[in-house]
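The values are calculated or read from the model by the stated rules, or taken from the named source; none is laboratory data. In this text, all values refer to a predicted model and were calculated from it rather than measured experimentally. With ideal geometry, Cβ positions are generated from the backbone for all residues, glycine too; neighbour counts draw on all protein chains shown.
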């Protein structure tokens, strides 16, 4: 019915991308370490809410492109593959670490944390670019339900990412001392993911050719 393309590849790639320490994960990690598990979870839910800005923008923007230019749509698909390779290279070169400074005020303002989570995601232009370049890899542009395909994949990616962030909040909230003493653990995981993303980007670029 939905006629997705390379759906299994989407699940694998989206999981790897959500496991890569990025701005959202580092934000949730810092909140969890400094203000506790609940603060991290609230921040993750805020990020999930903010992701709908990008989901709807991708659906509307890509729908317009699909209706006007099949060539431009294919160009975006190849750009998406290149973007995955870029993310992989960036992960290999990254030296970012979890911010472990404690907040002076131990009590968290959960409403404020939720709003900050929303803004952290909604106002991040890199997330918008990612959705516009990543989702087209896995839909059938000629399908009459391609809008629903875009929304479904975008929603799945956001839900999956939120689940990962909640797990991160729970783990870091309980094992913060370990990560304070071993900050390189995250960096090693990021390097491994970087190699895999480069490989997936190359694979998608090759399988996208007609």
- Item | residue 96 being more than 23 Å from residue 147 (Cα to Cα), at pLDDT below 80 and assigned to a loop (DSSP other than H, G, I, E, B) | yes
- Task: Output the residues belonging to segment 152-210 that are more than 30 Å from residue 74 (Cβ to Cβ), in contact with a helix residue (DSSP H, G or I) (Cβ under 8 Å, 6 or more places away or on another chain), surrounded by 14 or more Cβ atoms within 10 Å (Cβ to Cβ) and at pLDDT below 75.
- Result: 176, 179, 186, 189, 190
- Item | Number of positions in segment 124-151 that are touching a helix residue (DSSP H, G or I) at 6+ places or on another chain (Cβ under 8 Å) and not in a helix (DSSP H, G or I) | 5
- Query: So which of 29, 49 ends up being part of a helix (DSSP H, G or I) and modelled with pLDDT under 90?
  - Reply: 29
- Note on the structure: Restricted to segment 99-123 and to residues being surrounded by 15 or more Cβ atoms within 10 Å (Cβ to Cβ) and not in a helix (DSSP H, G or I), the residue modelled with the highest pLDDT is 108
